[in-house]
Every structure is written in structure tokens, then in C-alpha cells.
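Okay, structure first, notes after.
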Amino acid sequence: MKVTDHISQADKPLISFEILPPMKGKGIDSIFKILDPLMEFKPAFVNVTYHRAEQIFKKRTDGSFDRVEIRKRPGTVGICAALMNRYRVDAVPHLICGGFAKEETENALIDLRYLGVDNVLALRGDSPANEKFFTPHPQGHRYAVDLVDQITNMNNGRYLEDDIVDAGKTDFCIGVAGYPEKHFEAANMNLDLHYLQQKIAAGAGYITTQMFFDNAKYFAYVDNCKSANIHVPIIPGLKPITNKRQLSILPSIFHVDIPNEFASEMLQCKTDAACEQLGTEWLIAQCRELLARKVPVLHFYTLGKPQVVYNVVKAIL
Ligand code: FAD
């Protein structure tokens, strides 16, 4: 079932989770270990992230180096199939532009259609760790809007090659990313919203936001989206902060602010358990306010401490 149908048919805010594929070589049991307990909350859907290959240098026996591409977390499509099979839950695979030729994307979408996946979250993807700027694949897309276009074309029965006839239409519900604190590359919020609106005009049906720790930023973003003629559901992305290191790591990786009040309280915590408790309470308070304002879905990033996410959801339902 499509995410947009889940939302339109619900009479109260829904729950969803996001997981990362395991590191290459690890079994899928690590995913089941995270999700088995969380399934108690009957999530409407589970997102599975996609990770582009990174270039690494491997030393040869003669001392010189080979540049090789390694995808550290492969398996997104297969994991979606496994989740749908095990939990009868809708899976939302992320698809990214980075590192993919359009034809590879088309083939992935054909696989997803055969597997009965109804949703995709269409993203540009970040640049690999060793590159400063995003560089598209020579035969790939530069912006998420181009990926949305490609999926919409397939939904209308248009494939890359004109000579593919009667291939049938796909019927994907397309989600896209939004940034309550602005995407870090955008010159200003208005421009970012302008491009977000283009993704909606291209066929995206909903937005999932970057994590935020101050609900006021989300509420202002929803208002700004409306002013920018964006009227699709905006799903808040939520993550617990459970240790002091995250106070600097999360802003530097995700370009988000951490409220001073929260940061200074955490800095005063004397033990790891106290930090975790504070982060749990903060997220519970965020969720309660979001629920009271009737957001469509509470979407939880589970990376790191899924047990904390479990405790938060248990407390709010
Ligand atoms: P875009 O919408 O393409 O925007 C990128 C930048 O370009 C923005 O600054 C925007 O304002 C600007 N822009 C957009 N369109 C145009 C245009 N036509 N002309 C000029 N400028 C334009 N990354 C992964 O690698 N894998 C994942 O699974 C993943 N999941 C994510 C899930 C969520 C909910 C979120 C919020 C992010 C996720 N990311 C993921 C990170 C995301 O890929 C990065 O934030 C990336 O830098 C931007 O992706 P985007 O889809 O928002 O890009």
C-alpha cells in the first residue's frame, strides 16, 4: 500500500521506522533484531536507506595503490523484500542518484515492481566521504527532481528507450526529502523550497524531513511549505540523541541545530545512562507535541540505539 494511502486512511498519526542495510558481509539477522521488537507498534511502513559506493585505495603487493569502489552497505532491495515477507509491512526503499546510471535505476525500479513494492523515497544522495561536492554519474541524474521525473515517467508507461512498448505502467508512490533547517548547499530557504516544490510538481506525493530537535523549526517549515504552494504531507524525521559526542557529530554531518537548553543539560549529565535518559525524555516531549498537532506520521531513525526508539514509542502510544 502507498504511503499516501496509509496517511489518507488513518484517523491518527502513524508510526514508521528507518533502518540501514547491515555492513557488507553481515547477516540480515541484525535488521530483524532491530525490527522484531519495534513491530509491536504496527508501523505503517519501514524505510530502508541506500548507500552509494565509496572509492577506496587498496595497496598492491608492489606497494602501489589500486582505486576500487566498495559499497559498504549493499542490499536495500533484497532487505525490502525480506521485510515485506517477514512482517507483512510496506517497505520504502530509498533510491539515490549518486553512483547510478539512469538505466540501472530503471532496472532497480523494475525489480521493485516485481517484488510488489509500492513506494520509493527519491533522493540525490550525498557525495562520498572522500569527495567534497556531489558529482553525478556520467549517465545519471544530478538532482532528486530528475529521479522523480524518471519514476513519474515509468508510472506513465514511459521507459528510457522509446522502443520499449507495452512495458506497462509502474505505480510508485514517490516521497522526497525536505530540510526544516534548509539543505546545507542551498543559498537560502526560499530557494530550497522552490526546488522542493519542483520535486512535488514532478510527481512526489509526500515529504520526509531531515531530523530536527526543535519542533518550532518543523512547524515553521510546514508553514513555509504552504506559502511555497507545497500541500503534500510532511512527515517529521525523529532521532534520539543519547550521548555527548552526538552534540557535535550530528550538526556537522546533518547540518542541524541542537537547542542550547538540551545541549547544556546533556553536558551536565554525569553518566551515560543519564545522557540516554535525557535524550529519551526530550524525544518523548517532541513526539507528544507533534502528536497533539496531528502530524501525519512520526518517522523514527533507528540507527544507533533502537532500544531508545522502542522506549520512546512505548511511552507515547
Ligand atoms: P535535492 O533535492 O536534489 O537537493 C540537493 C540540493 O540541490 C539542495 O540544496 C537543493 O536546494 C538544490 N537543488 C535541488 N534541485 C535543484 C535544481 N534543479 N537546480 C539547482 N539546485 C537544486 N542519502 C543517501 O545517500 N542515502 C539515503 O538513503 C538517504 N536517505 C535520506 C532520507 C531522508 C529523509 C533525508 C532527509 C535525507 C536522506 N539522505 C540519504 C541524504 C540526502 O541524500 C542528502 O541530504 C543530499 O545532500 C540531498 O538529497 P536531496 O534528495 O534532498 O537532493
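The values are calculated or read from the model by the stated rules, or taken from the named source; none is laboratory data. Not measured: the values here are computed from a predicted model. Counting neighbours? That spans all protein chains shown, and the Cβs are built from the backbone with ideal geometry, glycine included.
Evaluating LEU112 against the criteria (1) more than 11 Å from the ligand (Cβ to nearest atom); (2) in contact (Cβ under 8 Å) with a residue 24 or more places away in the chain; (3) surrounded by fewer than 21 Cβ atoms within 10 Å (Cβ to Cβ); (4) not charged (D, E, K, R) leaves one unmet condition, (3). Among the residues of segment 186-193, are any surrounded by fewer than 16 Cβ atoms within 10 Å (Cβ to Cβ) and in contact with a helix residue (DSSP H, G or I) (Cβ under 7 Å, 6 or more places away or on another chain)? Yes, segment 186-193 contains at least one residue that is surrounded by fewer than 16 Cβ atoms within 10 Å (Cβ to Cβ) and in contact with a helix residue (DSSP H, G or I) (Cβ under 7 Å, 6 or more places away or on another chain).
Name every residue in segment 119-168 that is closer than 20 Å to PHE45 by Cβ and touching a strand residue (DSSP E or B) at 6+ places or on another chain (Cβ under 6 Å), in order of residue number. ASN119, VAL120, LEU121, ALA122, LEU123, ALA144, LEU147, VAL148, ILE151 - these are the residues of segment 119-168 that are closer than 20 Å to PHE45 by Cβ and touching a strand residue (DSSP E or B) at 6+ places or on another chain (Cβ under 6 Å).
I need the full set of residues from segment 160-212 which are away from the ligand (no atom under 14 Å from the Cβ) and over 19 Å from the mean Cα position of the chain (by Cα), in order please. Matches in segment 160-212: LEU160, GLU161, ASP162, ASP163, ILE164, VAL165, ASP166, ALA167, GLY168, LYS169, THR170, ASP171.
Residues in segment 115-135 that are at pLDDT 95 or above, more than 10 Å from the ligand (Cβ to nearest atom) and not acidic (Asp, Glu): LEU115, GLY116, VAL117, ASN119, VAL120.
At least 3 residues being within 30 Å of VAL145 (Cα to Cα) and modelled with pLDDT of 95 or more is the threshold, and among the strands (runs of 3 or more DSSP E) wholly inside segment 9-99 those reaching it are 14-19, 45-48, 90-96. If you scan segment 44-75, which residues turn out to be away from the ligand (no atom under 12 Å from the Cβ) and buried (at least 16 other Cβ atoms within 10 Å of the Cβ)? Matches in segment 44-75: ALA44, PHE45, VAL46, PRO74, GLY75. Of the residues making up segment 276-289, those that are surrounded by fewer than 20 Cβ atoms within 10 Å (Cβ to Cβ) and of a type outside the set (D, E, K, R) are GLN277, LEU278, ILE284, ALA285. Condition (residue is in a strand (DSSP E or B), without any contact (Cβ under 8 Å) to a residue 60 or more places away in the chain and aliphatic (A, V, I, L, M)) applied to segment 207-219: is it met by at least one residue? Yes, because at least one residue in segment 207-219 is in a strand (DSSP E or B), without any contact (Cβ under 8 Å) to a residue 60 or more places away in the chain and aliphatic (A, V, I, L, M). Number of residues in segment 268-317 that are in a loop (DSSP other than H, G, I, E, B), more than 19 Å from the chain's Cα centre (by Cα), within 18 Å of LEU38 (Cβ to Cβ) and among the polar types (S, T, N, Q) equals 0. Here PRO136, PRO180 are screened, and the one residue that is of a type outside the set (Phe, Trp, Tyr), under 26 Å from ALA53 (Cα atoms) and touching a residue at least 24 places away in the same chain (Cβ under 8 Å) is PRO136. Of all residues in segment 30-43, at least one satisfies being basic (Lys, Arg), closer than 28 Å to ALA204 by Cα and surrounded by fewer than 12 Cβ atoms within 10 Å (Cβ to Cβ).
Annotation note: Cβ proximity below 7 Å between a residue of segment 186-200 that is farther than 15 Å from LYS217 by Cα and a residue that is more than 6 Å from the ligand (Cβ to nearest atom) and part of a helix (DSSP H, G or I) (sequence gap 6+ or interchain) occurs for LYS199/VAL148. Sort out which residues of segment 139-159 are free of Cβ contacts under 8 Å to residues at least 40 places away in the same chain and either closer than 12 Å to THR105 by Cβ or within 13 Å of the ligand (Cβ to nearest atom) (or both), and write them in order of number. Correct list: GLN139, ASN153.
Restricting THR242, THR209, THR280 to those that are polar (S, T, N, Q) and in contact with a strand residue (DSSP E or B) (Cβ under 9 Å, 6 or more places away or on another chain) reduces the list to THR209.
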